[in-house]
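Contents: one structure, followed by commentary.
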Amino acid sequence: MKDLRPIDLTFGAVFVCLMAIGANITVWFPFLAVPIGGASVPLSLQTFFAVLAGLMLGKKLGAITMITYILVGVAGVPIFAGLQAGPMALISPTGGFIISFIFVAFFVGGVAELSKNRSVPVYIIAALIGLIFNYGIGVSYMYIAMNTWLELNISYGLAWAGMLPFLLKDTAMACLAATFMVNLAKRIPARWLGAKI
């Protein structure tokens, strides 16, 4: 933490704000909820920004930024999806997805840091690894929540089936974040990227 620079704190704060905006984009723009099979799939940008935080800030600062986002929401600022706040958001069936953003940023940043080559394939691989953590933790948590404290008996396969439209959307968004980062890296000095804490 002693090597934390003002630019790192600034980027971290920006990503906390971007996560809040990404979680609530359909609150301000309802037309971004896409109807699929009689259901409405909101185009949340949280996975996009969590992946981008890992790629841009590195594993440690990216994870710290996601922890900060969660703590701000738990403290009562309405920055979770649907302008929710408080610790109950983490106990809800989708609370695992919120928690998973810490792992998304950490592992995406870790994979990106291992490679000195800033290319679209490297960033896409990192983004897809982050997506595995995002949905692995999120769907497993949702399955446990539904079968325990919500007392809804569903199978693990059904929990995954219900998340397929979101998974497809987030896969596309993760790949978009990787492509975006390659272009962003050309415009931001290398010394500002991937903070070493």
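Output the residues belonging to segment 94-122 that are among the β-branched types (V, I, T) and in a loop (DSSP other than H, G, I, E, B). Answer for segment 94-122, where residues must be among the β-branched types (V, I, T) and in a loop (DSSP other than H, G, I, E, B): just T94. Among the residues of segment 104-159, those that are surrounded by fewer than 16 Cβ atoms within 10 Å (Cβ to Cβ) and of a type in the set (S, T, Y) comprise S115, S119, S140, T148, S155, Y156. Restricting L128, L71, L114 to those that are within 23 Å of A185 (Cβ to Cβ) and at pLDDT 95 or above reduces the list to L128. In the condition set (1) at positive phi; (2) touching a Ser or Thr at 6+ places or on another chain (Cβ under 9 Å), E151 is compliant with all but (2). Check segment 166-177 and report whether any residue there is in contact with a helix residue (DSSP H, G or I) (Cβ under 7 Å, 6 or more places away or on another chain), at pLDDT below 90 and closer than 23 Å to L90 by Cβ. There is no residue in segment 166-177 that is in contact with a helix residue (DSSP H, G or I) (Cβ under 7 Å, 6 or more places away or on another chain), at pLDDT below 90 and closer than 23 Å to L90 by Cβ.
Checked against the criteria, A33 does not count as modelled with pLDDT of 90 or more and small (G, A, S). Among the residues here, M56 qualifies as buried (at least 21 other Cβ atoms within 10 Å of the Cβ), at pLDDT 90 or above and over 13 Å from the mean Cα position of the chain (by Cα). Here the condition is being in contact with a Gly (Cβ under 7 Å, 6 or more places away or on another chain) and either under 16 Å from A53 (Cβ atoms) or among the β-branched types (V, I, T) (or both); of V139, V108, V122, V182, it holds for V108 alone.
The values are calculated or read from the model by the stated rules, or taken from the named source; none is laboratory data. This one's a predicted model, so the numbers in the text were calculated from it and none came from an experiment. As a convention, Cβ positions derive from the backbone with ideal geometry for all residues, glycine included, and neighbour counts pool all protein chains shown.
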